[in-house]
Amino acid sequence: MAQSAQTVKKRKIKGDGVWGYAFIAVALIVYALFTAYPVFSAFLISFQEYKPLGSTYIGFDNYTATFKDDLFWKSIKNTLVYTVLTVPVALLLSFLVAIMILPLRKKLQTVFKAVYYLPVVASGVALSLVWLWIFDPMPGGIFNQFIGWFGAHNQNWLGSSATAMFSLVIMAWLSSHGASIIIYLAALLGIDDSYYEAADLDGASFLQKLWHIVLPSLKPTTLFLLVTAVIGSFQVFQNAYLMTGGGPDHATTMVGLLIFDNAFKYFEFGKAAAQSLILALIIALVSLFQFKFLGKDVDY
């Protein structure tokens with residue numbers, strides 16, 4: 001009797017397992033077709049001189065050519081500079097905005113969250129057109145009008161190697177923080193009120209509450225946003241492609257844009273595949289470093 005009950009239970013578990021796999025089958029198929037297969041294909045192509053009608057195996061030549069390419073190292077440098085300048089400021093601005101929204105009533109919070117999140121769902125091309133107008137080198141450009149109030153001359157913001165990268169950094173500072181703001185706000189709302197009540201009893205100031213309660217409680221959230229922001233900045237493509245095309249004099253050529261140019265402008269698919277895998281390895285190492293040294297005392 002006991003054995004038959006166990007048999008029925010095993011069959012039921014197996015049946016549940018089949019249904020479980022059936023429900024995730026679509027997701028697995030999509031992952032296999034659009035993630036796993038492209039990665040595996042890129043790995044194979046990186047060892048080939050790729051041609052549509054017949055590729056030639058060339059070993060590590062694509063990797064060797066990449067490491068000897070001065071433009072590749074310049075793109076790495078540009079990407080690192082962009083990341084260092086944009087990520088910390090973006091996180092700080094998102095945190096400050098979330099702090100300012102927190103005391104508001106729920107309806108007002110909803111309004112501000114919608115306003116700040118709206119640029120995230122807007123077309124990147126449309127936003128770039130707005131920024132091209134802002135950075136217009138003519139006297140009618142918004143930034144040139146602004147600096148004109150202080151007696152400065154017009155600047156060719158996107159056409160000069162001295163200001164092109166800084167222009168992209170400003171664009172990153174002033175746009176697309178909606179997701180980070182909402183995540184920070186959700187984390188702030190999740191902090192137990194008893195911590196603030198105990199701090200009030202001890203006479204703690206706003207800055208003391210911020211330093212001893214808020215920041216430690218937000219460590220997991222900050223680490224998550226930091227890792228994802230660094231990954232996104234290493235993969236930046238749209239801003240450089242639409243705003244400057246990587247110029248002038250490759251001053252804004254990022255790794256993602258270089259990979260795109262090699263693949264679809266120069267049709268060096270093998271070299272582009274090798275560079276994409278190198279970029280993936282760099283991102284993985286940087287993310288591992290962040291988790292290892294910044295996530296030591298973070299509870300998940």
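The values are calculated or read from the model by the stated rules, or taken from the named source; none is laboratory data. Fair warning: this is a prediction, and the values are worked out from it, not measured in the lab. When we count neighbours, we look across all protein chains shown, and the Cβ atoms used for this are built from the backbone with ideal geometry, even at glycine. When the accessible area is computed, the model is the full protein with side chains, heavy atoms only, and any ligands, DNA or RNA have been set aside. Shrake-Rupley method; radii C 1.70, N 1.55, O 1.52, S 1.80 Å.
Just to be sure I understand the model, the point goes 7 Å from the Cα along the line to the Cβ. What's the resulting residue 219 to residue 18 distance in nm?
4.8 nm
In whole percent, how big is the carbon plus sulfur part of the accessible area of the chain, probe 1.4 Å, protein atoms only? Could the numbers behind the result be given before it?
Details: 13100 of 18920 Å².
Exposed carbon and sulfur together represent 69 percent of the surface.
Quick one: Cα convex hull volume of the stretch 227-275, Å³ per residue?
76 Å³
Between residue 36 and residue 132, what length comes free when the chain is fully extended (0.36 nm per residue of separation minus the Cα-Cα distance, one decimal in nm)?
Numbers: separation 96, 0.36 × 96 = 34.56 nm, distance 3.69 nm.
Between residue 36 and residue 132, full extension yields 30.9 nm more.
Find how much the distance from residue 293 to residue 118 grows on full extension, using 0.36 nm per residue of separation minus their present alpha carbon separation; answer in nm with one decimal. Each step should come with its number before you reach the end.
Details: separation 175, 0.36 × 175 = 63.00 nm, distance 3.42 nm.
Result: 59.6 nm gained on full extension.
Determine the calculated [θ] at 222 nm for the chain from helices alone, applying -39500 (n - 2.57) to every DSSP H run no shorter than 4 residues and normalising by the residue count; nearest 500 deg cm²/dmol.
Values: 15 runs with 205 residues, N = 300.
Theoretical 222 nm ellipticity from helices: -22000 deg cm²/dmol.
Determine the distance separating the Cα centre of the stretch 40-69 from the Cα centre of the stretch 116-178; give it in Å without decimals.
Comparing the Cα centres of the stretch 40-69 and the stretch 116-178, I get a distance of 38 Å.
Using a 1.4 angstrom probe, figure out how much accessible area the chain has per residue, in square angstrom, rounded to the nearest whole.
Working: 18920 Å² over 300 residues.
Accessible area per residue, the chain: 63 Å².
Among 46, 161, what's the order by accessible area (1.4 angstrom probe), most exposed first? Write down the numbers at each step before the final one.
Numbers: 46 0, 161 75 Å².
Largest accessible area first, the residues go 161, 46.
Please compute the Kirkwood hydrodynamic radius of the stretch 111-197 from all pairs of different C-alpha atoms, in Å with one decimal. Intermediate results must be reported in sequence, preceding the final value.
On the way: mean 1/r = 0.0648 Å⁻¹.
About 15.4 Å for the stretch 111-197.
Classify the stretch 138-283 as rounded, prolate or oblate, taking a ≥ b ≥ c as the square roots of the eigenvalues of its Cα gyration tensor: rounded when a/c is under 1.5, otherwise prolate if a/b is larger than b/c and oblate if not.
Oblate, because a/c is 1.5 or more while a/b does not exceed b/c.
With a 1.4 Å probe and all protein chains kept in place, how much accessible area does residue 194 have, in Å² rounded to the nearest 10?
50 Å²
Rounded to a whole number, what is D in µm²/s for the chain from Stokes-Einstein with the Kirkwood radius over alpha-carbon pairs (37 °C, 0.692 mPa s)?
Working: Rh = 23.3 Å.
D = 141 µm²/s.
Accessible area, 1.4 Å probe, largest first: how do 196, 37 sort?
On the way: 196 50, 37 145 Å².
Most to least solvent-accessible, the answer reads 37, 196.
Working out 0.36 nm times the residue gap between residue 70 and residue 145, then minus their Cα-Cα distance, what length gain in nm do you get to one decimal?
Full-extension gain reported as 23.2 nm.
What percent of all Cα-Cα pairs in the stretch 71-170 falls into each 10 Å bin, going from 0 up to the bin containing the maximum distance?
13, 29, 35, 20, 3, 0
If R0 is 35 Å, what FRET efficiency do you get for residue 108 and residue 238 from their C-beta distance, rounded to 0.05? Before the final figure, lay out the partial values.
Working: r = 32 Å, r/R0 = 0.91.
It comes to 0.65.
Show me the helices of the chain, taken as full DSSP H stretches, that run 20 Å or more along their long axis by Cα and average 1.0 or above in Kyte-Doolittle hydropathy. Could the numbers behind the result be given before it?
Values: long enough: 2-31 (42 Å, 0.30); 70-101 (46 Å, 1.56); 106-121 (22 Å, 0.56); 219-234 (22 Å, 1.43); 269-294 (36 Å, 1.69).
Qualifying helices: 70-101, 219-234, 269-294.
Sketch the reach of a paramagnetic label on residue 77 as a point 7 Å from Cα along Cα-to-Cβ, and name the residues of the stretch 135-165 whose backbone nitrogen lies under 19 Å away.
Counting backbone N atoms under 19 Å from the label point, the list is 160-165.
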